[in-house]
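Sharing a structure, written as structure tokens. Questions coming.
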Amino acid sequence: MKEVVQIQKMIYEIRGHRVMLDSDLAALYEVETKVLNQAVKRNIRRFPDNFMFQLSKDEWQNLRSQFVTFKNDSRKYNPYVFTEQGVAMLSSILRSEKAIQINIQIMNTFVRMRQWAIENKELAKRLSELEHYFIQHCKEDREEFQKIYDALGLLMDRTKPSEIGFK
């Protein structure tokens, strides 16, 4: 479970995709970022835009400003990021035992995050329906219900797997 939490902290939401930075993936695979990117470039046909893309200067600056760990990252080029499909494709070009084990952990993390989102989407919908019902039918108890609704919202936030970059 510790690995899942560590990996979740490396997943960011950019351009509507959940992605991982090339440098984070390289660290997990225990290779240099340069080596990972060279392997990808040698197999670039396996990585269409929905599998991997390079961050714009603004995206990289925004990400760096949000996270202390990137402040001292002085790259010559903006980083590449990999979607879930791109991470899965990496396993076909990085064939070490370490790469296989890390890919399994990353895929399990993406699955858990997707399950959490689906489960809580239904819960949020039901809470919203309940709130509308109380607003329409229980005007005298509205203040009490708002406290309950706020508490449930906090509970949903606390059970969230982790913060996922910018939303």
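The values are calculated or read from the model by the stated rules, or taken from the named source; none is laboratory data. What you see is a predicted model, and the numbers here were worked out from it, not measured in a lab. Because the Cβ atoms are built from the backbone with ideal geometry, glycine has one as well, and the counts that use them run over all protein chains shown.
State whether the residues of segment 95-104 include one that is surrounded by fewer than 15 Cβ atoms within 10 Å (Cβ to Cβ), touching a residue at least 12 places away in the same chain (Cβ under 8 Å), β-branched (V, I, T) and within 27 Å of E59 (Cβ to Cβ).
No, every residue in segment 95-104 fails to be surrounded by fewer than 15 Cβ atoms within 10 Å (Cβ to Cβ), touching a residue at least 12 places away in the same chain (Cβ under 8 Å), β-branched (V, I, T) and within 27 Å of E59 (Cβ to Cβ).
Please give the number of the condition K76 fails out of (1) closer than 20 Å to Q8 by Cβ; (2) not in a helix (DSSP H, G or I).
(1)
Is it the case that R15 is closer than 18 Å to A88 by Cβ and of a type outside the set (A, V, I, L, M)?
In short, no.
Sticking with this one: For segment 22-33, give me the residue count where each residue is in contact (Cβ under 8 Å) with a residue 24 or more places away in the chain and under 16 Å from Q105 (Cα atoms).
4
Quick grid of which residues meet (1) in a strand (DSSP E or B); (2) touching a helix residue (DSSP H, G or I) at 6+ places or on another chain (Cβ under 9 Å); (3) modelled with pLDDT under 65; (4) farther than 28 Å from Q66 by Cα:
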residue: Q101; (1), (2), (3), (4): no, no, no, yes
residue: M107; (1), (2), (3), (4): no, yes, no, no
residue: Q115; (1), (2), (3), (4): no, no, no, no
residue: L123; (1), (2), (3), (4): no, yes, no, yes
residue: L130; (1), (2), (3), (4): no, yes, no, yes
residue: G153; (1), (2), (3), (4): no, yes, no, no
residue: S162; (1), (2), (3), (4): no, yes, yes, no
